[in-house]
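Novice: The structure is given below, and queries will be raised subsequently.
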Amino acid sequence: MAQMQPKSIAVFNSNDIYPISADSVLPFEQHRDIFYLSGADQEETILLLFPDAIDKKHREILFVTETNDHIAVWEGAKLTKEQGTEVSGIQTIYWLSDFDKVFFNLMTEADTIYFNTNEHYRQAVVNETREDRFIKKTKEQYPAHKVAKSNPILQEIRGIKEPEELELMQTACNITGKGFRRLLGFVKPGVWEHEIEAELIHEFIRNRSKGFAYPPIIASGNNANVLHYLENNKACKDGDLILMDVAAEYANYSSDLTRTIPVNGKFTKRQKEVYEAVLRVKKDATKLLVPGMLWAEYHKECGNLMTSELLALGLLDKADVQNENPDRPAYKKYFMHGTSHHIGLNTHDYGELKKPMQANMVFTVEPGIYIPEEGFGIRLEDDVVIQEKGEPFNLMGNIPIEAEEIESLMNA
Ligand code: GLY
Ligand code: MN
Ligand code: MN
């Protein structure tokens, strides 16, 4: 609200509940912006902010679906007005059925309406969202108002985590760690990828996570070289590695972990060599995440770290590097994705990418080396918090990552 223009209103809509077909629907997932701003995790809720409203009680309003006894019996209780205030701290709670009337009245006092468009750098949404429909309708009904964007403000403030958020993210990471430790005693030759997935979801849900923070990747052998492998339906073979990019959500916050372990509990010499190379890049890249660092500069440095390792592993030679196209450096052959992304309420979270990094931004660090011709791919990924001074704090610092520790836990 402090960043909004004078006489302006901002509105934030919930997500739709997405249909499957017939009367089936996907489980509801709240839009992360209205959740971040209000804590309301209920469908159809609308948040309205109007810092200059003449009537003070209209500076913040939460609209919630009117609940009744019938709904309470079939779907369970929805937020009452009192509970709306309890979860959000907002004093003025109205029923959703009053929205059009109240909104019209307030729009007569306002010059500008903030729309919440999706400007995430990786967004590729094809569905018309509830927010989209609201924008369309409001533009039609209020053609004389100026429009502004909420998204840049949200990208900035959501990118820097509050202590309460860091605590929830730590909990998500701890649950992920429990799942990973459970696996170390479970994986052996002949186990199926989906059996590993089942172990994880069991551990996550019993620790009060809703489940996976994103679709889990459990990729043995060469499946690890399909970056978005989601089938998780093959048997794990003796001598292969398994790349597992799996993590829990907690309270709508994501964690994002990748570990790569040997099916039989022991890395081969070559597997270990490549493993150690990835781990060194991860450790050195992490040290670069300090206030003031620029995103583009960071990724260039990570590319340099990876190039040195690939030379030492004999995967690249000097000529490959000398002749490389700067727009597609030689290392990309074996490491084709980015090293980091913001993480928070979304796995690939909001956050500034063009201004210098700041304390309390949370990033993943996830280098990998993928070698189809050798039948394996290795990625290691942790989530770290940038500190005012010194190295970032690793939220996954107690999840085993050293090759020897993994081996000894698998053989315990
Ligand atoms: N698990 C998604 C990612 O690592 O970005
Ligand atoms: Mn990631
Ligand atoms: Mn990941």
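Novice: Taking a probe of 1.4 angstrom, what is the accessible area of PHE393 in Å², to the nearest 10?
Specialist: 110 Å²
Novice: Turning to a different aspect of this structure: Sorted from largest down, what three extents in whole angstroms do the Cα atoms of the stretch 298-364 have along their principal axes?
Specialist: Principal axes ranked by extent give 42, 20, 17 Å for the Cα atoms.
Novice: Taking the solvent-accessible surface of protein heavy atoms with a 1.4 Å probe, what is the per residue accessible area of the stretch 233-380 in Å²?
Specialist: I get 39 Å² per residue for the stretch 233-380.
Novice: I need the per residue convex hull volume for the stretch 202-357, using only the alpha carbons, in cubic angstrom as a whole number. Walk me through the numbers on the way to the answer.
Specialist: Values: hull volume 21.4 nm³, N = 156.
Expressed per residue, the convex hull around the Cα atoms of the stretch 202-357 is 137 Å³.
Novice: Regarding the stretch 1-101, what is the average projected area of its C-alpha convex hull, in nm²?
Specialist: Result: 7.5 nm².
Novice: Expressed as a whole percentage, what fraction of the accessible surface of the stretch 213-301 belongs to carbon and sulfur atoms when a 1.4 Å probe is rolled over the protein heavy atoms?
Specialist: Its accessible area is 58 percent carbon and sulfur atoms.
Novice: Could you please state how large a percent of the accessible area of the stretch 1-118 is carbon and sulfur, counting protein chains only and using a 1.4 Å probe?
Specialist: Using a 1.4 Å probe with all protein chains present, the stretch 1-118 comes out at 54 percent carbon and sulfur.
Novice: Okay, moving on. On alpha-carbon atoms, Rg over Rh for the chain using Kirkwood Rh?
Specialist: Ratio of gyration radius to Kirkwood radius: 1.02.
Novice: Shifting gears a bit: When only the heavy atoms of the protein chains count and the probe is 1.4 Å, how do LEU62, LEU353, LEU26, LEU37 rank by accessible area, highest first?
Specialist: LEU26, LEU37, LEU353, LEU62
Novice: Write out the trypsin sites (Lys or Arg not before Pro) in the stretch 252-302 meeting two conditions: DSSP loop, and at most 11 other Cβ atoms within 10 Å of their Cβ.
Specialist: Counting only loop positions with at most 11 other Cβ atoms within 10 Å, none of the trypsin sites (Lys or Arg not before Pro) in the stretch 252-302 qualifies.
Novice: Using mean Cβ contacts within 10 Å as the protection proxy, how do 328-336, 98-106 order, highest first?
Specialist: Details: 328-336: 17.7, 98-106: 14.4.
Highest to lowest by the protection proxy: 328-336, 98-106.
Novice: How many lysine pairs does the stretch 64-196 hold where the Cα atoms are under 15 Å apart and the two sit 8 or more places apart or on different chains?
Specialist: Details: LYS101/LYS137; LYS136/LYS146; LYS136/LYS149; LYS137/LYS146; LYS139/LYS149.
For the stretch 64-196, qualifying lysine pairs total 5.
Novice: Compute for the stretch 38-89: radius of gyration divided by Kirkwood radius, i.e. Rg/Rh, restricted to C-alpha atoms, rounded to two decimals.
Specialist: That ratio equals 1.05.
Novice: What translational diffusion coefficient, to the nearest whole µm²/s, does the stretch 269-382 have by Stokes-Einstein, given a Kirkwood radius computed over alpha-carbon pairs, a temperature of 20 °C and 1.002 mPa s viscosity? Don't skip to the answer; put the middle values down first.
Specialist: Numbers: Rh = 14.8 Å.
Translational D for this selection: 145 µm²/s.
Novice: Right, another one. Could you tell me the ratio Rg/Rh of the stretch 275-319? Both radii from Cα atoms, Rh via Kirkwood.
Specialist: 1.03
Novice: Three principal axis extents, largest first, for the C-alpha atoms of the stretch 46-129, in Å?
Specialist: Rounded to whole Å, the extents work out to 40, 39, 23 Å.
Novice: For GLU29, GLU193, GLU276, GLU388, give the ranking by accessible area with the largest first, probe 1.4 Å. List each step's numbers first, then the result.
Specialist: Working: GLU29 75, GLU193 0, GLU276 45, GLU388 145 Å².
The residues order as GLU388, GLU29, GLU276, GLU193, largest area first.
Novice: Based on C-alpha coordinates, I'd like the Rg and Dmax of the stretch 184-248, in Å.
Specialist: Rg then Dmax for the stretch 184-248, in Å: 11.6, 35.
The values are calculated or read from the model by the stated rules, or taken from the named source; none is laboratory data. Computed from a predicted model, the values in this text were never measured in an experiment. Reconstructed Cβ throughout: ideal geometry from the backbone, glycine too, with neighbour counts over all protein chains shown. SASA here: full protein model, heavy atoms, side chains in, ligands and nucleic acids out. Shrake-Rupley method; radii C 1.70, N 1.55, O 1.52, S 1.80 Å.
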